[in-house]
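J.: Submitted below is the structure of interest, expressed as structure tokens.
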Amino acid sequence: MIKPKVIKVKKDILHKNNELAATNRALLAKTGVVALNLVSSPGSGKTSLLEFTLTNLGRELKMAVIEGDQQTDNDARRIAATGVAVVQLNTQSACHLDAAMTKRAIDETDLDALDLLFIENVGNLVCPAGYDLGERMKIALLSVTEGEDKPAKYPKMFRNAEVMVITKIDLLPYLDFDMSACLDYAGRVNPDLKVFLLSTKTGEGCSAWLDFLRALVKEA
Ligand code: MG
Ligand code: ZN
């Protein structure tokens with residue numbers, strides 16, 4: 001009898017990823033850097049939130065950004081325009097960042113000179129949820145131009161995130177986005193989820209977000 005070969009690809013990949021993520025986490029902890037993994041659908045405003053944050057905290061905190069996209073360095077150029085160091089990772093066919101890619105970007109970064117490291121993941125609410133990069137926490141963005149039921153449709157992401165940022169709230173008067181339904185869906189998926197509602201265009205709600213980041217750095 002020939003024994004069939006079973007290849008547990010996904011399990012092995014995730015196991016290897018988790019090992020590398022632990023290495024990243026230890027390195028970040030040793031150097032006192034708070035790493036935040038920003039996840040969302042494409043177009044939810046990750047890069048805009050970063051531009052706003054880097055511009056407004058640039059004098060207080062030392063920050064850097066790792067940009068994940070399948071192609072182009074468009075977002076990295078937007079970040080670089082704020083004067084903050086940025087490493088662009090092009091994932092080509094991959095639809096998420098993994099710990100190995102993150103490690104390569106971290107190696108290009110001077111951690112000793114940093115308080116905060118933002119990792120902008122590839123726009124995708126599915127598999128980035130399953131990949132630990134070694135971050136302090138995942139921060140899930142959801143814009144009011146999207147469906148308010150996304151936390152229910154993509155529960156793994158909103159369960160694995162510690163924070164949800166609802167963006168573009170300046171557009172609420174023009175949309176049918178049901179905020180209370182959204183918060184209800186999110187709360188059912190993850191009762192501990194911390195939520196920010198903001199608009200980087202008007203600045204509404206942004207001071208609470210900036211204070212949250214200041215507190216995270218202070219803690220570390
Ligand atoms: Mg972006
Ligand atoms: Zn993927």
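J.: Calculated from DSSP H runs of 4 or more alone, at -39500 (n - 2.57) each and per residue, what is the 222 nm mean residue ellipticity of the chain, nearest 500?
T.: Values: 8 runs with 85 residues, N = 220.
The per-residue figure over the chain is -11500 deg cm²/dmol.
J.: If you don't mind, there's one more thing I want to ask. Among the helices of the chain (complete DSSP H runs), which have Cα atoms covering no less than 18 Å along the helix axis and a Kyte-Doolittle mean of at least 0.0? Don't skip to the answer; put the middle values down first.
T.: Details: long enough: 9-30 (32 Å, -0.47); 206-219 (20 Å, 0.53).
Long hydrophobic helices here: 206-219.
J.: From the Cα gyration tensor of the stretch 19-64, with a ≥ b ≥ c the square roots of its eigenvalues, which class applies: rounded if a/c is under 1.5, or else prolate if a/b is larger than b/c, or else oblate? Mind showing how you got there, number by number?
T.: Numbers: a/c = 5.10, a/b = 1.33, b/c = 3.83.
Since a/c reaches 1.5 but b/c is at least a/b, the shape of the stretch 19-64 is classed as oblate.
J.: Also, quick follow-up: Please identify, among Leu141, Leu133, Leu57, the residue showing maximal mean-square fluctuation in a Gaussian network model of the chain using a 10 angstrom Cα cutoff.
T.: Fluctuation is largest for Leu57.
J.: For the pairs Lys10/Lys153; Lys46/Lys153; Lys8/Lys156; Lys5/Lys153, note any where the Cα-Cα span goes beyond 29 Å. Walk me through the intermediate numbers first.
T.: Details: Lys10/Lys153 22 Å; Lys46/Lys153 20 Å; Lys8/Lys156 21 Å; Lys5/Lys153 35 Å.
The pairs that break the limit, which is 29 Å between Cα atoms, are Lys5/Lys153.
J.: Along the charge dipole of the stretch 89-220, Cβ charges K/R +1 and D/E -1, which of Phe212, Met137, Leu117 sits furthest on the positive end?
T.: Farthest towards the positive pole: Met137.
J.: Pulled fully out, how much extra length does the chain show between Asp107 and Ala29, if you take 0.36 nm times their separation in residues and subtract their Cα-Cα distance?
T.: On the way: separation 78, 0.36 × 78 = 28.08 nm, distance 1.47 nm.
Difference between extended and current length: 26.6 nm.
J.: Related question: May I ask you to list the trypsin sites (Lys or Arg not before Pro) in the stretch 18-124 that are in a DSSP loop and have at most 15 other Cβ atoms within 10 Å of their Cβ? Kindly include the intermediate steps, with their values, before the conclusion.
T.: Working: sites: Arg25, Lys30, Lys46, Arg59, Lys62, Arg77, Arg78, Lys103, Arg104; in loops: Arg59, Lys62.
Here the sparse-neighbourhood loop sites are Arg59.
J.: So for the chain, Kirkwood radius off the Cα pairs, Stokes-Einstein at 37 °C and 0.692 mPa s: how many µm² s⁻¹?
T.: On the way: Rh = 17.9 Å.
In µm²/s, the coefficient is 183.
J.: Modelling each spin label as a point 7 Å along the Cα-to-Cβ direction, I'd like the Met137/Arg214 distance in nm, to one decimal.
T.: Using points 7 Å along Cα→Cβ, the separation is 1.7 nm.
J.: Would you kindly state the longest site-free stretch of the chain, with sites defined as GluC sites (Glu not before Pro) in a DSSP loop (not H, G, I, E, B) surrounded by at most 16 other Cβ atoms within 10 Å? Working shown, then result.
T.: On the way: sites that count: Glu60, Glu108, Glu204.
Longest site-free region, per DSSP loop and neighbour criteria: 109-203.
No lab work stands behind these numbers, since they all come straight from the coordinates. Note that the coordinates shown come from a computational prediction; the quantities given were computed from them, not determined experimentally. Counting neighbours? That spans all protein chains shown, and the Cβs are built from the backbone with ideal geometry, glycine included.
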